[in-house]
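The values are calculated or read from the model by the stated rules, or taken from the named source; none is laboratory data. Only a predicted model underlies this, so the values are computations on that prediction, with no experimental measurement involved. Neighbour counts are summed over all protein chains in view; Cβ atoms, including those assigned to glycine, are modelled from backbone coordinates with ideal geometry.
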Amino acid sequence: MAISIYDSTVPSYLQILEGVIGVLGKGLAHSEAQGIDPQEMVEASLHPDMLPLRFQIISVAHHSLGALRGMQAGVFTPPPSMPDLDYAGMQALLDNAHAELKAESVEAVNALEGGSLVFKLSSMEMPFTVENFITSFSLPNVYFHATTAYDILRMKGVPLGKMDYLGPMRIG
C-alpha cells in the first residue's frame, strides 16, 4: 500500500501536536499545584547553549503547520521572529496549528505530491522535493522540538511519561 503525502504528514503532525498540547496542559497543572509561576518554564532550557521551551513550542508549530504552508508555497524559511509568548500563548499557538491542520483536505495535501520547495536560510538555499522535505527535514524537526519540549518540562518536575509524548496513536 502506498502512503500518500497527506498520510505522511497531517496525521503525524496532529498526533505530535496533541501530545505536546497534553504535555503543556500537564505542565500548567503541575505549576499550579506546586505554586510555581508557569513563566519560569517558558524560559527554561536543557542547557545554557540551547533555546528555551518557548522556542521549542514555536518550532513544533512551525515544523508542522508551517511546513505544510511551505510545501504549498514552494518555500520554507525559519520563523521571521521568536514571539515573546507566555504559557497561555504557547498553548494557543499549538491549538491554532492543530485546528488549521485538522481543516486541511486530503485532496489538497495530496496534490502536493511530486512538488518541490526551497528551504531558505539567509543566503543559503536547499532545494527539496516535497517528499524529501517531509522525510528528511520536517518530520525530524517536529520530533526533535517536541522531544526537547517534553524534556524541559520533565526536567522541571512535571510528571510525564512516554504515552504523554506519543499523543493519540493511530491503531488499527
Cβ-Cβ below 9 Å, separation at least six or inter-chain, first residue in region 25-38 and in contact (Cβ under 8 Å) with a residue 12 or more places away in the chain and under 17 Å from Asp95 (Cα atoms), second surrounded by 10 or more Cβ atoms within 10 Å (Cβ to Cβ) and among the acidic types (Asp, Glu): which pairs?
Lys26/Asp164
Positions within region 69-89 being in contact (Cβ under 8 Å) with a residue 60 or more places away in the chain and more than 25 Å from Lys120 (Cα to Cα), in sequence order
Tyr87
Scan region 69-90 and give yes if some residue there is in contact with a strand residue (DSSP E or B) (Cβ under 8 Å, 6 or more places away or on another chain), among the small types (Gly, Ala, Ser) and buried (at least 17 other Cβ atoms within 10 Å of the Cβ), otherwise no.
yes
Give just the number: which of (1) more than 20 Å from Gly22 (Cα to Cα); (2) modelled with pLDDT under 95; (3) more than 15 Å from the chain's Cα centre (by Cα); (4) surrounded by 12 or more Cβ atoms within 10 Å (Cβ to Cβ) does Gln39 not satisfy?
(1)
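Look through Glu100, Glu125 and report the one residue that is surrounded by 12 or more Cβ atoms within 10 Å (Cβ to Cβ) and closer than 23 Å to Ile58 by Cβ.
Working: Glu125 fails: surrounded by 12 or more Cβ atoms within 10 Å (Cβ to Cβ).
Sole residue among the options that is surrounded by 12 or more Cβ atoms within 10 Å (Cβ to Cβ) and closer than 23 Å to Ile58 by Cβ: Glu100.
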If I ask for residues that are in a helix (DSSP H, G or I), farther than 18 Å from Leu139 by Cβ and not charged (D, E, K, R), which ones from region 107-119 would you list?
Ala108
Here the residues within region 1-22 that are over 14 Å from Val130 (Cβ atoms) and either assigned to a helix (DSSP H, G or I) or of a type in the set (Ser, Thr, Tyr) (or both) are Pro11, Ser12, Tyr13, Leu14, Gln15, Ile16, Leu17, Glu18, Gly19, Val20, Ile21, Gly22
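From Leu28, Leu53, Leu14, grab the single residue that is at pLDDT 95 or above, within 26 Å of Gln72 (Cβ to Cβ) and of a type in the set (A, V, I, L, M). So that I can check it myself, show each step before the final result.
Values: Leu28 fails: within 26 Å of Gln72 (Cβ to Cβ); Leu53 fails: within 26 Å of Gln72 (Cβ to Cβ).
Unique residue meeting the criteria: Leu14.
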For region 128-172, give me each residue that is assigned to a loop (DSSP other than H, G, I, E, B) and either of a type in the set (Gly, Ala, Ser) or touching a residue at least 40 places away in the same chain (Cβ under 8 Å) (or both).
Lys156, Gly157, Val158, Pro159, Leu160, Gly161, Gly167, Pro168, Met169, Arg170, Gly172
Does region 3-29 hold any residues that are under 18 Å from Gly114 (Cβ atoms) and crowded, with 18+ Cβ neighbours inside 10 Å, and which are they?
Ile5, Tyr6, Ser8, Thr9, Val10
Wholly inside region 27-103, helices (runs of 4 or more DSSP H) that include 1 or more residues that are over 21 Å from Leu166 (Cα atoms) are 39-42, 65-73, 87-102
Test of understanding: among Ala146, Ala108, Ala99, Ala73, which residue is of a type outside the set (D, E, K, R), under 17 Å from the mean Cα position of the chain (by Cα) and farther than 14 Å from Ser12 by Cβ?
Ala99
